[in-house]
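Visitor: Below: one structure in structure tokens.
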Amino acid sequence: MALPIPGSPVRGASSGKPIMALFDLLGRTWCLGIVWQLSFGDATFRELQRRCEDISPTLLNNRLKELMQLDIVEKNSQGYGLTIQAKELANLIKPMGDWSQTWAENYLNKNDVRDDNA
């Protein structure tokens, strides 16, 4: 699968608009999860794999390569981290974490969904 490059057609959109390239990228398996996890701090490959719920090493390696090619992730002395520009992206995404908690609580309370494992 080709990298989603701004200005080029991507999955679901032929316009080449940067937002569509970003949505294509973040919609790929584990791309958003990697950005999310690195938003909390740099990590070695193994630590990032653990944070990403034991993602396979092959998939993590492939996604890190893609994210580095697109200037989202960079390799540093601590392992991997977000680029300065990607930290701005993470700051836009982080409020969705809080929103999702409220949404989940409201949904679960409204629908009286119980966790059998609790």
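Visitor: Determine, yes or no, whether Ser77 is of a type in the set (Ser, Thr, Tyr), surrounded by 15 or more Cβ atoms within 10 Å (Cβ to Cβ) and modelled with pLDDT of 95 or more.
Guide: When the stated conditions are applied, Ser77 does not pass them.
Visitor: I've got another one for you. Given the residues Ile34, Ile72, which is the only one that is crowded, with 19+ Cβ neighbours inside 10 Å and touching a Ser or Thr at 6+ places or on another chain (Cβ under 7 Å)?
Guide: Result of the check over Ile34, Ile72: Ile72.
Visitor: Now, a different point. Which pairs turn up if I take residues in region 12-36 that are on the phi < 0 side of the Ramachandran plot and of a type in the set (S, T, N, Q) and look for partners that are modelled with pLDDT of 90 or more and surrounded by fewer than 19 Cβ atoms within 10 Å (Cβ to Cβ) with beta carbon separation below 9 Å, at least 6 apart in sequence or on another chain?
Guide: Pairs that qualify, where the first residue is on the phi < 0 side of the Ramachandran plot and of a type in the set (S, T, N, Q) and the partner is modelled with pLDDT of 90 or more and surrounded by fewer than 19 Cβ atoms within 10 Å (Cβ to Cβ), are Thr29/Leu59.
Visitor: Across region 25-48, what is the total count of residues that are out of contact with any Leu (no Cβ under 9 Å at 6 or more places or on another chain) and in a helix (DSSP H, G or I)?
Guide: 4
Visitor: Return only the number of the condition from (1) within 22 Å of Asn91 (Cβ to Cβ); (2) loosely packed, with under 15 Cβ neighbours inside 10 Å; (3) small (Gly, Ala, Ser); (4) touching a Pro at 6+ places or on another chain (Cβ under 7 Å) that Ala21 does not satisfy.
Guide: So Ala21 meets the others, but not (2).
Visitor: Something else about it: Which residues, counting only those in region 49-94, are part of a helix (DSSP H, G or I) and more than 17 Å from Leu26 (Cα to Cα)?
Guide: Gln49, Arg50, Arg51, Pro57, Thr58, Ile84
The values are calculated or read from the model by the stated rules, or taken from the named source; none is laboratory data. Bear in mind the structure is a predicted one, so any value in this text is a computation, not a measurement. Quick reminder, even Gly has a Cβ in these numbers, built from the backbone with ideal geometry, and neighbours come from all protein chains shown.
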